[in-house]
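Written out below as structure tokens is the structure these notes cover.
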Amino acid sequence: MSYNVDKKGYYGQFGGAYIPEMLYPNVEELRKSYLEISEDSEFKKEFDYLLKHYVGRPSPLYFAKRLSEKYGAKIYLKREDLNHTGAHKINNTIGQILLAQRLGKKRIIAETGAGQHGVATATVCALMGMECIVYMGAVDIERQQPNVKRMQMLGAKVVAAESGSKTLKDATNEAIRDWINNPTDTHYIIGSVVGPHPYPDMVARFQSVISEEIKWQLMEHEGRDYPDKVIACVGGGSNAAGAFYHFLDNENVELIAAEPAGLGINSGKTAATTKKGKPGVLHAAKTLLMQTEDGQVVEPYSISAGLDYPGIGPMHAHLFDSGRGNFEYVTDEDALKACFEVSKLEGIIPALETAHAFAVLKNLELKKEDVVVINLSGRGDKDLGTLMKYI
Amino acid sequence: MERIKKAFEEKSEGILSIFITAGYPNLNDTIEVLKELEANGVDMIELGIPFSDPMADGPIIQKASEVAIDNGMTLKLLFEQLKDLRQHVSIPVLLMGYLNPVMQYGYEEFCQSCQEVGIDGIILPDLPLYEYEEEYKELFESHGLANVFLVTPETSSERIQKLDGLSNGFLYLVSSSSTTGKKDGIDGTAEYFQRVQNMTLKSPTLIGFNIKDSKSYQVACKYSKGAIIGSAFIKALNGSENIKESVNNFIKIIR
């Protein structure tokens, strides 16, 4: 069994391209060209150059001594928080902006929740001198002002999504609507491994640099090119997809996904999609989806705006369904505790999203010789407003 | 399917099809709106299944969908409301909506319920062509349901031929590259209408999206068998105290 995408754009029963005809030419153009373009040697050269000199890759794989002592295993942190803009998101936006240029697109649109992907998109648009419009839920604009200002400083236009619940899901709807209304000159940079095929695969490929580096970095540290466990948080799931990618078919590696349980799985205030969701179609992909019996999408909740999504990437839905992935559910409270613990033990303030991955450690049965990699997907500065209440 | 065929046989031009979200403006208005539309000479009806995330719709239909869901409309309830549909309404009625509510209801159960109440066709814009062909074509057809495909200005002629070949109702020509009710009129896309009109298609065509008055209705009729109006009609029903009067006034404006 392969855990990667098949020829038709599915991961098991999940994925596909559930798009209206208005989007067919755009998505079809991408589907036909994304592999050819991204495998081209000139493209690769430019992508690698920017990742190295602009983003600051490779990101370190850091042996976390004090965390390792506390949990009784060899714990390594993949430092995506040290990337330019402070998270893994930029790996994907660099890839997609280069792709958009080669497709002759003049205008870039994106959705954002907490603002991290919006900032990463605004950054690459500034770098390439391209017009940038970022859709963001009106509610998120209120609670993530610093990122709104960052995007504006970078020259992007931030448009409030006023429909529905005015958060990430609605920002995504608005971006899709923009794309329907601007079918020829616009490229839509989706920020996660969601949306119609080929987006989940394309974003996973651009993020796969994370596990590609983990392989050779572990070889240097441990003399083998795979860990026993990889832990990553999952909202849509792009950082997890990148951290899992080169280990998907290596069954020696346990893939652990930390999903946000919010106030508790059965509290009604949660974003634990694999626990509460059923197969459904949202944003043009078939995946696990939190919804009512009638098929209306249920609004998710998590303390972390970046994990606040009612679905999950189809790759992860399949990892869950097939049993390949180990899904753990982390409450707001446990994520906060983990955030403070990592800050004090390692001198690193992780993003609240990332803190969910750390919170899983206490649930695992670990042996001293176990090699564990945690994908430190982003830094926590952006969350200070939330964290201040708990200091 | 048969009622749709008959409608196009009996009338070779100027067909008027109206879209209305089920359960809008009030939960139990569905049947009354359909009856009034038929009484005012409308030829066909598309009844919208409300969905929380209508990605191809502009603000007016989004809002109608939201209101209908808040009113308590569900697909299950809709089929109950439509139980006696054919005692009240004789023109073709199609259901239009997004895939997810249908998927949750169950495709087979959905087709069966459609057949039981006398629905004639289905428009599910986010049902991919490959999936329809491989999995649902037979199911839909065996329940007498026409599946209506959308065509846009960006759809290649080759693909239009393919959609035409699979179509058993009519082709829905989206007037311009836009969400519903987004643009002002349909004057800018005559070249595209002409191109489709010049193709020899077996299916009749109707033009929809951004048709809102007599003038745009006339343009649509010039290039196809008729027009589909949604957002403009929903706008006319917004805040209506008297459905009969509102429907009558609106249709008078169109033709």
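Below are the figures for this structure:
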item	result
Diffusion constant of segment B:184-255 at 37 °C, which comes from Stokes-Einstein with the Kirkwood Cα-pair radius and 0.692 mPa s, µm²/s	249 µm²/s
For residues of B:150-156, the mean tally of beta carbons on other chains within 10 Å	5
Cα gyration tensor category, rounded, prolate or oblate, for segment B:191-233 with a/c compared to 1.5	prolate
Helix-only CD estimate at 222 nm, as mean residue ellipticity for the protein assembly as shown, using -39500 (n - 2.57) per DSSP H run (n ≥ 4)	-12000 deg cm²/dmol
Residue mean of other protein chain beta carbons inside 10 Å, B:53-65	5
For A:Cys125, B:Cys221, order by how many other beta-carbon atoms lie within 10 Å, fewest first	B:Cys221, A:Cys125
Inverse mean reciprocal Cα-Cα distance (Kirkwood Rh) of segment A:324-376, Å	11.7 Å
Segment B:105-255: C-alpha gyration tensor shape, a/c 1.5 cut-off, then a/b vs b/c	oblate
Overall form of segment A:50-175 per C-alpha gyration tensor (a/c, 1.5; a/b vs b/c)	oblate
For B:Thr200, A:Thr121, B:Thr155, order by how many other beta-carbon atoms lie within 10 Å, fewest first	B:Thr200, B:Thr155, A:Thr121
Descending semi-axes in whole angstrom, ellipsoid equivalent of chain B, from the Cα gyration tensor	24, 22, 17
Relative contact order of chain A, pairs being alpha-carbon contacts under 8 Å that are 6 or more residues apart, as %	20 percent
Cα centroid separation, segment A:123-162 to segment A:267-319 (Å)	25 Å
Of the GluC sites (Glu not before Pro) in segment A:294-391, those whose Cβ has at most 12 other Cβ within 10 Å and which sit in DSSP loop	A:Glu365, A:Glu369
B:Met199 versus B:Lys83: modelled label distance in nm, points set 7 Å from Cα along the beta carbon direction	4.3 nm
Candidates B:Phe170, B:Phe51, B:Phe79: whichever shows maximal mean-square fluctuation once chain B is modelled as a Gaussian network with Cα springs under 10 Å	B:Phe79
Convex hull volume per residue for the protein assembly as shown, taking Cα atoms only, in Å³	145 Å³
Per-residue Cβ neighbour rank within 10 angstrom, fewest leading, A:Lys166, A:Lys74	A:Lys166, A:Lys74
Highest-MSF residue in chain B out of B:Asn198, B:Asn210, B:Asn238 [GNM, Cα springs under 10 Å]	B:Asn198
Length-normalised contact order of segment B:2-254 in % [C-alpha pairs under 8 Å, at least 6 apart]	23 percent
GNM flexibility winner over chain B from B:Glu46, B:Glu154, B:Glu36 (Cα, springs under 10 Å)	B:Glu154
Residues with amide H under 5 Å from that of B:Phe19, placed H, sequence gap 5 or more	B:Glu46, B:Ile229, B:Gly230
Qualifying trypsin sites (Lys or Arg not before Pro) in segment B:1-110, DSSP loop, other Cβ atoms within 10 Å at most 13	B:Lys83
Segment B:56-110: mean projected area of Cα convex hull, nm²	4.8 nm²
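Every number here is computed from the coordinates shown, using simple stated rules; none is lab data. Source: prediction; values computed, not measured. Counting neighbours? That spans all protein chains shown, and the Cβs are built from the backbone with ideal geometry, glycine included.
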